[in-house]
Amino acid sequence: SAAEKDGYDYFMLKEIAEQPKAVADTLLGRIDAQGALHLDEVRIPAAVLREVTKVVVVACGTAYHAGMIAKYAIEHWTRIPCETELASEFRYRDPILDQRTLVIAISQSGETMDTLMALRHAREQGAKVLAICNTNGSTIPRESDAVLYTHAGPEVAVASTKAFLTQLVACYLVALYLGQVRGTKWGDEINSVVGELAHIGTEVDTVLGTMEPVRELARSLADKDTVLFLGRHVGFPVALEGALKLKELAYMHAEGFAAGELKHGPIALIEPDLPVVVVVPSPRGRSVLHDKIVSNIQEIRARGARTIVVAEEGDEAVVPYADHLIRVPATPTLLQPLVATVPLQVFACELATARGNEVDQPRNLAKSVTVE
Ligand code: AGP
């Protein structure tokens with residue numbers, strides 16, 4: 001009903017707007033005033049976490065994109081090797097797991113069969129499973145050794161938005177917590193990132209306040225067939241997520257690429273007027289990557305593509321090559337997905353509306369996929 005949507009036309013719009021609160025709620029009570037992390041609810045003793053030799057993240061769809069970002073965070077802050085795998089592929093390749101493997105299963109619904117089968121397989125091999133889940137008491141957390149709940153509140157729209165942002169927060173918390181209990185050399189960086197995380201909800205709110213030009217741009221692209229998305233480092237999964245949203249909602253051909261792969265094939269797709277969204281890493285943190293992606297933008301623009309550039313506030317190097325510039329607040333590199341994904345959600349939602357599609361219930365899709 002209209003009342004349930006709080007005055008928004010679609011649940012998806014309501015859920016996009018709820019993201020600052022969802023993010024803040026997921027952080028609540030988990031970081032103390034001194035910036036120490038408290039995840040006592042994750043009932044895996046610190047002693048066990050100190051012995052972990054490998055982390056494997058399993059998930060599907062949007063949750064898998066959160067898992068891809070988790071890999072960057074976990075390896076950087078903990079130095080534990082981490083791999084992220086599509087839950088539907090995981091058990092079929094006979095993965096190597098033992099008692100010192102920590103498997104993280106990410107699922108909004110907690111009922112996704114592919115993810116459930118992956119975690120059952122992991123536990124049969126003796127691995128410890130930590131669920132990151134948004135639905136209290138659902139099957140995935142019930143069958144896991146431990147759970148860290150995301151506090152996004154109920155997500156009704158089939159296309160996941162607020163659950164994704166809170167999955168990211170939960171992944172950062174787990175990565176930072178593992179770093180904290182294992183006492184990595186990144187202690188100072190961990191402290192400063194924890195400080196930034198604490199007010200990241202405000203940054204998400206800032207992004208939401210600047211979305212009108214993004215909606216206008218989306219409407220102007222309503223008759224296009226294809227949109228490409230490029231990113232590097234954690235911007236790569238963001239590009240994949242932007243493309244997935246557009247497929248689900250606008251039924252358009254949308255593909256995400258790692259920008260470094262462009263020259264290995266996808267650049268052949270570039271043609272005049274093709275919209276290409278580029279997620280640009282901060283010029284501060286990973287400046288080498290920033291320079292490389294700026295040359296990618298130049299290359300595709302020289303071939304006539306219409307460049308839609310998502311870049312942090314103050315990044316002037318991208319300005320000459322951006323046909324459309326979408327600004328996001330400057331954040332530490334690893335946290336950028338929390339702000340950079342939001343314009344892509346708004347973009348897909350508006351494009352779907354402009355194409356006359358059903359936003360909350362896209363064709364052929366179910367909110368939770370309970371078959372393998
Ligand atoms: C996201 O927009 C999708 N509808 C879908 O990819 C979803 O993220 C995936 O099916 C996983 O669902 P889960 O988080 O409930 O396990």
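Taken together, the values in this text are just the output of simple stated rules run on the coordinates, not laboratory data. The structure presented is a predicted model; accordingly, all values stated were derived computationally and were not measured. Cβ placement follows ideal geometry from the backbone for every residue including glycine, while neighbour counts extend to all protein chains displayed.
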Q. Given the C-alpha centroids of segment 1-30 and segment 162-238, what is the distance between them in whole angstrom?
A. 17 Å
Q: Multiply the residue gap between residue 369 and residue 219 by 0.36 nm, knock off their C-alpha separation, and tell me the result in nm, one decimal place.
A: 50.9 nm
Q. Which of 132, 267, 326 comes first, and how do the rest follow, when ranked by fewest Cβ neighbours within 10 Å?
A. 267, 326, 132
Q: Using a cut-off of 13 Å between beta-carbons, work out the net charge of the residues near residue 93 (Lys and Arg +1, Asp and Glu -1, residue 93 not included).
A: -3
Q: Treating only the Cβ atoms of Lys and Arg (+1) and Asp and Glu (-1) as charged, compute the dipole magnitude of the chain about its Cα centre; round to the nearest 20 debye.
A: 720 debye
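Among the listed pairs 54/185; 5/162; 185/292; 128/185; 224/292; 14/367, give every one whose C-alpha distance is greater than 20 Å. Intermediate values should be presented prior to the final figure.
Details: 54/185 18 Å; 5/162 15 Å; 185/292 28 Å; 128/185 25 Å; 224/292 28 Å; 14/367 16 Å.
Cα-Cα > 20 Å for 185/292; 128/185; 224/292; rest within.
With N residues in segment 179-274, what two-decimal value do you get for its Cα radius of gyration over 2.2 N^0.38 Å? Can you show the working numbers first?
Working: Rg = 18.1 Å, N = 96, 2.2 N^0.38 = 12.5 Å.
Here the answer is 1.45, to two decimals.
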Q. Extent of segment 157-199 along each principal axis, from alpha carbon coordinates, in Å, largest to smallest?
A. 41, 20, 10
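For segment 224-372, what's the relative contact order in percent, using C-alpha pairs closer than 8 Å and at least 6 residues apart? Mind dumping the intermediate values first?
Values: 262 pairs, mean separation 37.8, N = 149.
Once divided by the residue count of segment 224-372, the mean separation gives 25 percent.
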Q: Within segment 1-87, list the trypsin sites (Lys or Arg not before Pro) lying in a DSSP loop whose Cβ has at most 13 other Cβ atoms in a 10 Å radius.
A: 43
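Test of understanding: ordering 177, 10, 251, 92 by Cβ neighbours within 10 Å, fewest first, what list do you get?
Working: 177 24, 10 19, 251 15, 92 10.
In increasing order of surrounding Cβ atoms, one gets 92, 251, 10, 177.
Under the rule of -39500 (n - 2.57) per DSSP H run of 4 or more residues, summed and divided by the residues of the chain, what mean residue ellipticity at 222 nm is obtained, to the nearest 500 deg cm²/dmol?
On the way: 14 runs with 160 residues, N = 372.
Rounded to the nearest 500, the figure is -13000 deg cm²/dmol.
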Q | Degrees, to the nearest 10: 162-182 long Cα axis against longest axis of the chain | A | 50 degrees
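Ratio of Rg to Rh for segment 58-158, alpha carbon only, Kirkwood?
On the way: Rg = 12.8 Å, Rh = 13.5 Å.
Rg/Rh for segment 58-158 comes to 0.94.
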Q. Along the Cα-to-C-beta direction of residue 43, a point sits 7 Å from the Cα; which residues of segment 134-156 have their amide N less than 19 Å from that point?
A. 134-150
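Consider all pairwise Cα distances in the chain and report the whole-number % of them above 40 Å. If you can, show how the numbers build up before the last one.
Details: 7071 of 69006 pairs.
In whole percent, the long-distance tail amounts to 10.
Dividing the convex hull volume of the Cα atoms of segment 248-372 by its residue count, what figure in Å³ per residue is obtained?
142 Å³
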Q. Expressed as a rounded percentage, what relative contact order does the chain have, with Cα pairs under 8 Å and six or more residues apart?
A. 19 percent
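Which net charge results for the neighbourhood of residue 9, defined as the other residues with beta-carbon distances under 13 angstrom from its beta-carbon, given Lys and Arg at +1 and Asp and Glu at -1? If you can, show how the numbers build up before the last one.
Numbers: positive: 5, 14, 215; negative: 4, 6, 15, 350, 358, 360.
Net local charge, residue 9 excluded: -3.
For residue 273, what is the net charge nearby, where nearby means another residue's Cβ is under 15 Å from its Cβ and Lys, Arg count +1, Asp, Glu -1? The partial results should precede the final answer.
Values: positive: 224, 301, 303, 306; negative: 223, 225, 271, 323.
My count for the surroundings of residue 273 gives 0.
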